[in-house]
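Here the structure comes first, spelled out in structure tokens, and everything after it is commentary.
The values are calculated or read from the model by the stated rules, or taken from the named source; none is laboratory data. Quantities reported herein were computed from a predicted structural model and do not represent experimental measurements. Reconstructed Cβ throughout: ideal geometry from the backbone, glycine too, with neighbour counts over all protein chains shown.
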Amino acid sequence: MSRIARGLRTAALAAVLALGLGGLTACDNPFSDDGPGAAPSPTAPAASIKAEIAEPLASQFTRDGTFQSHIRRGPLDFVYTVYPTKATPRTNEWYPRGRKYFTFTFQAYDLSRSLRAPFATKRLVYLDRISVDSRTIRSGKGRPERPYRLDAVARRITFDPEPPTTRYGMLITSPKGAFELRNQVIRPTASDTRGVVLRFRAVVYAETSAGSGRFRREIIEQRVPMGIFASDKATVAASIPRDAN
């Protein structure tokens, strides 16, 4: 075959190949990045869906890991202290599911005397009954739940097995007396819970003046909000002895 004939044959083959490849679609083209099994290129940005997650209830207890209030009644200062126990110490991991554990104390201080003044110069205060109610704060339309309740004679449930007592109740004047209740359980709640509010109520008898033997009845109340964080997980509780914090 002459050189001219071979040149014409090569040109004809090139033309045929060009026509064949030009007829292939993107899916048929073996050299395309969009071959079989490849993800198709989107024609428009995917719509983003933002889930609305309710913020937990604002709470000193949750933020600081403890709550303490000072309620003044004349020269007396009544102090509630509430804190999580070792079972569930991380308040930012308190979720609707699972049990949450807390401890609380209640005590009275006679501010008309110095802390180191003789105890006989201080007003005596006795705690008769202690009660706590609760309700949940929810982001949905469900009714509030009551995951914790207490109503008891204080001397029968306090941590001290032999508290100083009279007919008025157990002594709570600092530094000789204090009420303490450990490892209280907040039960699991609905999944849309964003907070639990505890309402404390103490019935006390306070001496009108040191050594007088005359007492007046008082009701000391305190509200304690606790934040609950949205999660599919349950609050993790460690196993601890009953008398541990």
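Applying a threshold of 9 Å to beta carbon distances and a minimum spacing of six or more residues, or different chains, the list of pairs starting in the stretch 169-193 at a residue that is more than 26 Å from THR235 (Cβ to Cβ) and ending at one that is in a strand (DSSP E or B) and basic (Lys, Arg) reads GLY169/ARG129. Go through the residues of the stretch 224-236 one by one and say whether even a single one is touching a Lys or Arg at 6+ places or on another chain (Cβ under 7 Å) and without any contact (Cβ under 8 Å) to a residue 24 or more places away in the chain. No, there is no match, as no residue in the stretch 224-236 is touching a Lys or Arg at 6+ places or on another chain (Cβ under 7 Å) and without any contact (Cβ under 8 Å) to a residue 24 or more places away in the chain.
Do we find a residue being part of a loop (DSSP other than H, G, I, E, B), modelled with pLDDT of 95 or more and among the polar types (S, T, N, Q) anywhere in the stretch 52-68? Yes, the stretch 52-68 contains at least one residue that is part of a loop (DSSP other than H, G, I, E, B), modelled with pLDDT of 95 or more and among the polar types (S, T, N, Q). For the stretch 216-230, a residue qualifies if it is part of a strand (DSSP E or B) and surrounded by fewer than 19 Cβ atoms within 10 Å (Cβ to Cβ), and the qualifying residues are ARG216, ARG217, GLU218, ILE219, GLU221, ARG223, PRO225. Please enumerate the residues belonging to the stretch 136-193 that are of a type in the set (Gly, Ala, Ser), surrounded by fewer than 19 Cβ atoms within 10 Å (Cβ to Cβ) and under 18 Å from VAL204 (Cα atoms). Across the stretch 136-193, the qualifying residues are ALA152, SER174. Tallying residues that are in contact with an Asp or Glu (Cβ under 9 Å, 6 or more places away or on another chain) and in a helix (DSSP H, G or I) within the stretch 130-180 yields 2. When you look at LEU76, is it over 19 Å from the mean Cα position of the chain (by Cα), of a type in the set (A, V, I, L, M), at pLDDT 95 or above and under 16 Å from ILE172 (Cβ atoms), yes or no? Yes. If the condition is being hydrophobic (A, V, I, L, M, F, W, C) and touching a residue at least 24 places away in the same chain (Cβ under 8 Å), then the stretch 116-140 contributes PHE119, ALA120, LEU124, VAL125, LEU127, ILE130, VAL132, ILE137. Against the test of being surrounded by 20 or more Cβ atoms within 10 Å (Cβ to Cβ) and of a type in the set (Lys, Arg), the options ARG97, ARG123 yield a single qualifying residue, ARG123. Please enumerate the residues belonging to the stretch 218-234 that are of a type in the set (Val, Ile, Thr) and either within 14 Å of ARG135 (Cα to Cα) or in contact with a helix residue (DSSP H, G or I) (Cβ under 6 Å, 6 or more places away or on another chain) (or both). Selection gives VAL224, ILE228. Within the stretch 184-230, being under 15 Å from THR88 (Cβ atoms) and out of contact with any Asp or Glu (no Cβ under 8 Å at 6 or more places or on another chain) holds for GLN184, VAL185, ILE186, ARG187, PRO188, VAL196, MET226, GLY227, ILE228.
From the list ALA234, ALA190, ALA202, the one residue that fits, being among the hydrophobic types (A, V, I, L, M, F, W, C) and closer than 30 Å to ARG113 by Cα, is ALA202.
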